[in-house]
1. So which residues in segment 50-70 are β-branched (Val, Ile, Thr) and under 12 Å from residue 35 (Cα atoms)?
2. Taking only pairs six or more apart or across chains, which ones have beta-carbon atoms under 9 Å, a first residue in segment 106-124 that is acidic (Asp, Glu), and a second residue that is open to solvent by 40 Å² or more (accessible area, probe 1.4 Å) and assigned to a strand (DSSP E or B)?
3. Select from segment 166-183 the residues that are part of a loop (DSSP other than H, G, I, E, B) and either buried (at least 19 other Cβ atoms within 10 Å of the Cβ) or polar (S, T, N, Q) (or both) and list them in ascending order.
4. Which numbered condition trips up residue 62, out of (1) hydroxyl-bearing (Ser, Thr, Tyr); (2) at pLDDT below 95; (3) open to solvent by 60 Å² or more (accessible area, probe 1.4 Å)?
5. Determine which single condition residue 156 fails, assuming it passes every other condition in (1) more than 15 Å from the chain's Cα centre (by Cα); (2) surrounded by 14 or more Cβ atoms within 10 Å (Cβ to Cβ); (3) closer than 24 Å to residue 101 by Cβ.
6. Output the qualifying pairs, or none if there are none: Cβ atoms under 6 angstrom, residues six or more apart or on different chains, first residue in segment 41-53 and at pLDDT below 95, second residue surrounded by fewer than 19 Cβ atoms within 10 Å (Cβ to Cβ) and among the small types (Gly, Ala, Ser).
7. Only residues that are part of a strand (DSSP E or B) and open to solvent by less than 70 Å² (accessible area, probe 1.4 Å): list them for segment 188-201, please.
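The values are calculated or read from the model by the stated rules, or taken from the named source; none is laboratory data. In this text, all values refer to a predicted model and were calculated from it rather than measured experimentally. Heads up, the Cβs are rebuilt from the backbone with ideal geometry, glycines too, and the neighbour counts pull from every protein chain shown. In case anyone asks, the SASA skips ligands and DNA or RNA and just uses the protein heavy atoms, side chains included. Shrake-Rupley method; radii C 1.70, N 1.55, O 1.52, S 1.80 Å.
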Amino acid sequence: NRRVVVNVNGMVTVKTLESGTVYFQLDEKTTLHPVSWSNVFGKEVRALLDYTELSQESDLFTKEVKVNYIDSIWTKKAVSLMFRNQDEILGDQPIELIDDWMNVCEDGYMNVHYAYQCGDDLVKHELNLGIHPDKPYDLYLWLDRKNDSGTSWKDDLVAFDITGFIPCEEGEVVSLTLHWNSNDGAKTLKFKCKPHRITKL
């Protein structure tokens with residue numbers, strides 16, 4: 001089963017100002033203000049968005065937009081983990097990454113489009129992004145299937161909040177390496193990003 005993704009034109013962070021105004025952070029320079037849209041998420045999350053630009057101008061945001069479709073991405077904090085050996089870091093339960101544009105690191109989040117095996121009983125798996133305090137530029141995707149022996153493949157999106165884990169100056173671009181254990185053995189994927197939340201409108 002594949003996650004159903006309609007035609008979207010952005011992956012965003014849903015944010016709220018102190019005034020209560022909700023907006024979307026599209027990229028480092030672009031903010032979108034959704035007109036006549038109520039925030040159904042109640043907290044900051046990453047989301048897939050399809051929007052239409054409106055002709056009206058905004059004094060505070062880059063663009064005023066109409067929301068055609070929005071779907072939140074599972075958003076969770078990365079964890080600081082220390083392990084005894086490399087096998088324990090990667091775990092022994094394989095996971096696959098889907099090679100597409102949704103694997104990206106931006107606005108303090110590492111977004112991962114992954115595939116995993118599961119059974120029909122919907123056992124809740126545990127997925128974490130572990131960051132070793134001694135090697136903070138190496139990040140480890142770790143899956144615990146909780147004794148689920150199913151073999152059906154499914155895929156999903158997750159956004160890991162990595163702010164505060166990566167030592168770097170504000171605005172500095174760093175190279176991060178994501179490690180995971182696949183059916184074909186250990187694999188890696190490199191990201192270049194600024195691992196801080198974008199705070200300026």
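1. The first filter runs over segment 50-70 and keeps only residues β-branched (Val, Ile, Thr), leaving 52, 62, 65, 67, 70.
Once the filter is applied, which keeps residues that are β-branched (Val, Ile, Thr) and under 12 Å from residue 35 (Cα atoms), segment 50-70 yields 52, 65, 67.
2. As it stands, the answer is 120/152, since those pairs meet every condition given.
3. First, the residues of segment 166-183 that are part of a loop (DSSP other than H, G, I, E, B): 166-173, 183.
Residues satisfying the conditions are 166, 183.
4. Going through (1) hydroxyl-bearing (Ser, Thr, Tyr); (2) at pLDDT below 95; (3) open to solvent by 60 Å² or more (accessible area, probe 1.4 Å) one by one, residue 62 breaks only (2).
5. Here residue 156 clears every test but (1).
6. 41/72
7. Our first condition is that a residue be part of a strand (DSSP E or B); within segment 188-201, this holds for 188-193.
189, 191, 193, listed by residue number.
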